[in-house]
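**Student:** Here it is, the structure in full.
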Amino acid sequence: MVPAGEGTPASGPNEARPCVLYVEDNRANALLVERALAAHARVALEVVPNAEDAIRWLTERTPTLMLLDLHLPGISGEELLVHLRRQPAYASLPVVIITADAAGTADRLMAAGATMHLTKPLDIRLLVDVVKRYTERAA
């Protein structure tokens, strides 16, 4: 897992990259996304392993985009999504759900405020395109 504060570094000291927060407890999944984004997207990726750490992280920073796994220890990803949508500061934060759950879950998640739903195994090209779409808008 990439601890908060140790995401993909910027190229230079004054170069600010859009920040992507990935809430994922599976180390292999986190590393896959980290490698894909490091190679193809100009973003700073921060990975936290659970919803509680995400909430703490969000008290100090606001990402451009959140990638969110549903199956987390403690508070689920869906519960975190609902919590965020109730907070004015995060009501419009793009949240892309990344899960192995069946596509039938997508309607419920979209109704709860998800921006998009991607299924595992991930289509890396699609993931990179989605991340670029939301982070380039903010740049």
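The values are calculated or read from the model by the stated rules, or taken from the named source; none is laboratory data. What you are looking at is a predicted structure, and each value in this text was computed from that prediction instead of being measured. FYI the Cβ positions are ideal-geometry reconstructions off the backbone, even for glycines, and counts take in every protein chain you see.
**Student:** Would you mind finding the one in ALA138, ALA114 that is surrounded by 13 or more Cβ atoms within 10 Å (Cβ to Cβ) and among the small types (Gly, Ala, Ser)?
**Tutor:** ALA114
**Student:** Which one of these is touching an Asp or Glu at 6+ places or on another chain (Cβ under 8 Å), within 20 Å of PRO18 (Cβ to Cβ) and not β-branched (Val, Ile, Thr): LEU67, LEU118?
**Tutor:** LEU67
**Student:** Looking only at the range 58-86, count how many residues are among the basic types (Lys, Arg) and part of a helix (DSSP H, G or I).
**Tutor:** The number of residues fulfilling the criteria is 1.
**Student:** Is it true that ALA16 is in a loop (DSSP other than H, G, I, E, B), modelled with pLDDT under 95 and hydrophobic (A, V, I, L, M, F, W, C)?
**Tutor:** The answer is yes for ALA16.
**Student:** Further question: Working only within the range 52-75, note down all residues that are more than 25 Å from ILE124 (Cβ to Cβ) and either touching a Leu at 6+ places or on another chain (Cβ under 6 Å) or free of Cβ contacts under 8 Å to residues at least 12 places away in the same chain (or both).
**Tutor:** ARG56, THR59, GLU60
**Student:** Something else: Do you know which residues across the range 36-84 are polar (S, T, N, Q) and closer than 14 Å to VAL96 by Cβ?
**Tutor:** Selection gives THR64 alone.
**Student:** Which residues, counting only those in the range 108-139, are touching a residue at least 40 places away in the same chain (Cβ under 8 Å), assigned to a helix (DSSP H, G or I) and touching a strand residue (DSSP E or B) at 6+ places or on another chain (Cβ under 9 Å)?
**Tutor:** Within the range 108-139, LEU127, VAL131, TYR134, THR135, ALA138 qualify.
**Student:** Filter the range 93-107 down to the residues that are over 14 Å from the mean Cα position of the chain (by Cα) and either in contact (Cβ under 8 Å) with a residue 12 or more places away in the chain or assigned to a loop (DSSP other than H, G, I, E, B) (or both) and list them by number.
**Tutor:** Once the filter is applied, which keeps residues that are over 14 Å from the mean Cα position of the chain (by Cα) and either in contact (Cβ under 8 Å) with a residue 12 or more places away in the chain or assigned to a loop (DSSP other than H, G, I, E, B) (or both), the range 93-107 yields ALA100, ASP101, ALA102, ALA103, GLY104, THR105.
**Student:** If you take the residues in the range 99-134 that are at pLDDT 95 or above and of a type in the set (Val, Ile, Thr), which one is farthest from ALA44 (Cα to Cα)?
**Tutor:** THR115
**Student:** Kindly list the number of the only condition in (1) buried (at least 19 other Cβ atoms within 10 Å of the Cβ); (2) at pLDDT 95 or above that fails for ARG56.
**Tutor:** With respect to (1) buried (at least 19 other Cβ atoms within 10 Å of the Cβ); (2) at pLDDT 95 or above, ARG56 is out only on (1).
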